[in-house]
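Asker: Submitted below is the structure of interest, expressed as structure tokens.
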Amino acid sequence: VRISEGNYLGTLERGWIEIKNKYVSLEGGWNSDFSERNPLKYVTRMQPGIANKSTIGRFILNVEATSNKIGSIFIDGIFFDLGLAMEYMPANPDPRNGWPEGCETGRIKPVGTPPNPTIRLIGGKVAGNLTIRNCMFLNASFNGIIMSNMGGNWEICNNVFVSNLYAACEITGGLNQNTSAHQSKVNFHNNTVLFTWPTTKEMESMGYGYRFRNGADHDVHHNIFGGNNFGALDA
């Protein structure tokens, strides 16, 4: 599926899109007549705003496809952003606001209760081959990517993650860990991961660049981690 520039908010502009039981490719960054592709010039966005916040649900993009362990899904060249839907502390020097001088706002307000719900940028579970590349993941209130690998080879590469809460990327193996863990593989490489928020301003926990989880084999290499509470961390 080739997607031209614009902001895509799903059915009735509810603020989220779902792929269910389909092995498809989503390729953003095309111009309006599909004669040229340049994801930096022709920006394909999934960027809900305050008006969509009550209808977004738990994710911007949910991918549920477990029927074909040799099938493939590609997500390429899409800009995922919750920055317009979240509420932030004011820009003033009160240390409780966590405001870096020169920034437009302070830290994100607490999530899980109003005003900010917990929303993933990409969630779901997939069996088979999954590739996520050339995308941007910004301002998630519950992980940029958080998914279950139900058996297959996944590649997450050449993406930019900035200012996500808890973890930029977290992949769990969804198969029996004693017998099938090695059927779930994740190759996370050549990504830029910056400024992941921890659970509190005091940084007691979370704030992972990449969060290793049980049940999958993780190959994390050639990434740039900066400003995270933890870089690539086994949790």
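Asker: For Ser32, put the label point 7 Å out on the Cα→Cβ axis and report which residues of the range 64-80 keep their amide N under 13 Å from it.
Answerer: none
Asker: Past the 25 angstrom mark, what percentage of all C-alpha to C-alpha distances in the range 42-180 do you count?
Answerer: Details: 3178 of 9591 pairs.
So the pairs more than 25 Å apart make up 33 percent of the total in the range 42-180.
Asker: Something else: Quote the FRET efficiency, to the nearest 0.05, computed for Asn187 versus Ile70 with a Förster distance R0 of 22 Å and r equal to the Cβ-Cβ distance.
Answerer: Values: r = 17 Å, r/R0 = 0.80.
So the FRET efficiency works out to roughly 0.80.
Asker: Could you do me a favour and compute the accessible area per residue for the range 1-159, 1.4 Å probe, result in Å²? Could the numbers behind the result be given before it?
Answerer: Values: 7440 Å² over 159 residues.
That works out to 47 Å² per residue.
Asker: Ignoring ligands, DNA and RNA, please state the percent of accessible area on the chain from carbon and sulfur, probe 1.4 Å. Provide the component values of the computation, followed by the final result.
Answerer: Details: 5730 of 11060 Å².
On the chain, the fraction of accessible area on carbon and sulfur atoms equals 52 percent.
Asker: In debye to the nearest 20, how big a dipole does the chain give about its Cα centre with +1 on each Lys and Arg Cβ and -1 on each Asp and Glu Cβ?
Answerer: Numbers: 20 positive and 20 negative charges, 97 e Å.
The dipole magnitude comes to about 460 debye.
Asker: Which shape class applies to the chain: rounded if a/c is under 1.5, otherwise prolate when a/b exceeds b/c and oblate if not, where a ≥ b ≥ c are the square roots of the Cα gyration tensor eigenvalues?
Answerer: On the way: a/c = 1.67, a/b = 1.18, b/c = 1.41.
In terms of gyration-tensor shape, oblate.
Asker: From the C-alpha coordinates alone, can you work out the Kirkwood hydrodynamic radius of the range 7-82, in Å? Could the numbers behind the result be given before it?
Answerer: Working: mean 1/r = 0.0737 Å⁻¹.
That comes to 13.6 Å for the range 7-82.
Asker: Would you mind checking Lys20/Lys41; Lys20/Lys69; Lys20/Lys53; Lys53/Lys109; Lys69/Lys125; Lys22/Lys185 for any pair whose Cα atoms are more than 24 angstrom apart? Working shown, then result.
Answerer: Numbers: Lys20/Lys41 30 Å; Lys20/Lys69 15 Å; Lys20/Lys53 22 Å; Lys53/Lys109 14 Å; Lys69/Lys125 12 Å; Lys22/Lys185 21 Å.
Beyond 24 Å between Cα atoms: Lys20/Lys41.
Asker: Any idea of Asp33's accessible area? Nearest 10 Å², probe 1.4 Å.
Answerer: 100
Asker: Quick check: from the Cα gyration tensor, does the range 72-126 come out rounded (a/c under 1.5), prolate or oblate? Before the final figure, lay out the partial values.
Answerer: Working: a/c = 3.69, a/b = 2.03, b/c = 1.82.
Judged from the Cα gyration tensor, the range 72-126 comes out prolate (a/c at least 1.5, a/b above b/c).
The values are calculated or read from the model by the stated rules, or taken from the named source; none is laboratory data. What you see is a predicted model, and the numbers here were worked out from it, not measured in a lab. No Cβ is skipped: glycine too gets one built from the backbone with ideal geometry, and neighbour counts run over all protein chains shown. Just so you know, the surface numbers come from the protein's heavy atoms only, side chains and all, with ligands and any DNA or RNA stripped out. Shrake-Rupley method; radii C 1.70, N 1.55, O 1.52, S 1.80 Å.
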